[in-house]
Amino acid sequence: MTTSTDLKALVEVVGGDRVRVESLASPLQDPHTLDLKPGQIAGLRAADLLVRIGLDHEPWLTRALQAAGDQRPAGRRHDLDVSAHVELLQTETPRLRESGVTHVHGFGNTHYWLDPENARPITGDIEAALARLQPADRSVFEDNRRRFLARLDERLADWQRRMALYKGRRVVVVHDTWPYFARRFGLIVVATVETTPGVPPTPATLATLPQRMKEAGVKVLIAEPYSNESVVGQIASRSGARAVTLVPSVGADPAARDYLGLFEVNITRLTAALAGTS
Ligand SMILES: [Zn+2]
């Protein structure tokens, strides 16, 4: 069981036909605010391995695990937090946590799967966890991962070549989902519409942001499938920026059917939005 479709895709890459994977979140849901159905609680209880983003990305998971009331002896549930070997961004800006169920990037930004390079440590941890569960298939997992990383390297070189033209471009994002992606592909995120992650923008932000975007030369506003359309439309029209909806998770667009497809879709949409701007 994984908490997201991205982690599902990465577990499938390593596990191949030796694993059966389900994701708790569907790709068009905001991954931070999830209410599990009884069937999913049962699935969580039955899973041999739970793979999650960790930090405060899944504030709903504590309650879900309590509801699942895992009866297995300690050590039998394998709980893998794949943030362990990822170099996190924004750890220097701790935010006050008003409640245990708010996703506020309080320990660093949790959207780290959106840098393709982070697939390396993430799949490394997945490979180790699967090999512990199923030692007989260790070499299968190793080979699967090696092949995947070779393909990833090839594709990443292509994505970076296509984005090179837009290096240093300034963008505004709705939710702070894209710092890892932006760093890898040379974009500068100058502002977030949600000044506090997960909290809708204040009237003051809505009033002043478009002018600040004009002054900063921001031509592109990055939204997500579950962003508030009227907020996005309002800011785009008043700032003159193009709004582009990127896909934060595998499956949120039919073309983003696996981890590599996710980046292919996003690079294609982004280069289309940036084309002709300066
Ligand atoms: Zn977030």
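Inspect all residues belonging to region 187-194 and state whether any of them is closer than 29 Å to R162 by Cβ, free of Cβ contacts under 8 Å to residues at least 24 places away in the same chain, away from the ligand (no atom under 16 Å from the Cβ) and surrounded by fewer than 16 Cβ atoms within 10 Å (Cβ to Cβ). There is at least one residue in region 187-194 that is closer than 29 Å to R162 by Cβ, free of Cβ contacts under 8 Å to residues at least 24 places away in the same chain, away from the ligand (no atom under 16 Å from the Cβ) and surrounded by fewer than 16 Cβ atoms within 10 Å (Cβ to Cβ).
Select from region 155-174 the residues that are closer than 22 Å to V231 by Cα and surrounded by fewer than 18 Cβ atoms within 10 Å (Cβ to Cβ) and list them in ascending order.
Of the residues in region 155-174, the ones closer than 22 Å to V231 by Cα are 170-174.
Correct list: R170 only.
Would you say G168 is touching a residue at least 40 places away in the same chain (Cβ under 8 Å) and in a loop (DSSP other than H, G, I, E, B)?
Numbers: touching a residue at least 40 places away in the same chain (Cβ under 8 Å): no; in a loop (DSSP other than H, G, I, E, B): yes.
No.
Yes or no, residue by residue, for (1) assigned to a loop (DSSP other than H, G, I, E, B); (2) within 14 Å of the ligand (Cβ to nearest atom); (3) crowded, with 20+ Cβ neighbours inside 10 Å:
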{"residue": "D176", "(1), (2), (3)": "yes, yes, yes"}
{"residue": "L206", "(1), (2), (3)": "no, no, no"}
{"residue": "Q211", "(1), (2), (3)": "no, no, no"}
{"residue": "I222", "(1), (2), (3)": "no, yes, yes"}
{"residue": "P225", "(1), (2), (3)": "yes, no, no"}
{"residue": "S249", "(1), (2), (3)": "yes, yes, yes"}
{"residue": "D253", "(1), (2), (3)": "yes, no, no"}
{"residue": "R257", "(1), (2), (3)": "yes, no, no"}
{"residue": "F263", "(1), (2), (3)": "no, no, yes"}
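Would you mind finding the one in E127, E154 that is in a helix (DSSP H, G or I), away from the ligand (no atom under 16 Å from the Cβ) and in the same structural domain as P31 (by TED's automatic domain parsing)?
On the way: E154 fails: in the same structural domain as P31 (by TED's automatic domain parsing).
Answer to the check: E127.
Residue-by-condition table, conditions (1) loosely packed, with under 15 Cβ neighbours inside 10 Å; (2) at positive phi:
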residue	(1), (2)
L10	no, no
V13	no, no
P27	no, no
G39	yes, no
V51	no, no
L55	no, yes
G69	yes, yes
A84	yes, no
E87	yes, no
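Of everything listed in (1) at pLDDT below 95; (2) part of a strand (DSSP E or B), the single unmet condition for V189 is (1).
The values are calculated or read from the model by the stated rules, or taken from the named source; none is laboratory data. Computed from a predicted structure; not experimentally measured. Reconstructed Cβ throughout: ideal geometry from the backbone, glycine too, with neighbour counts over all protein chains shown.
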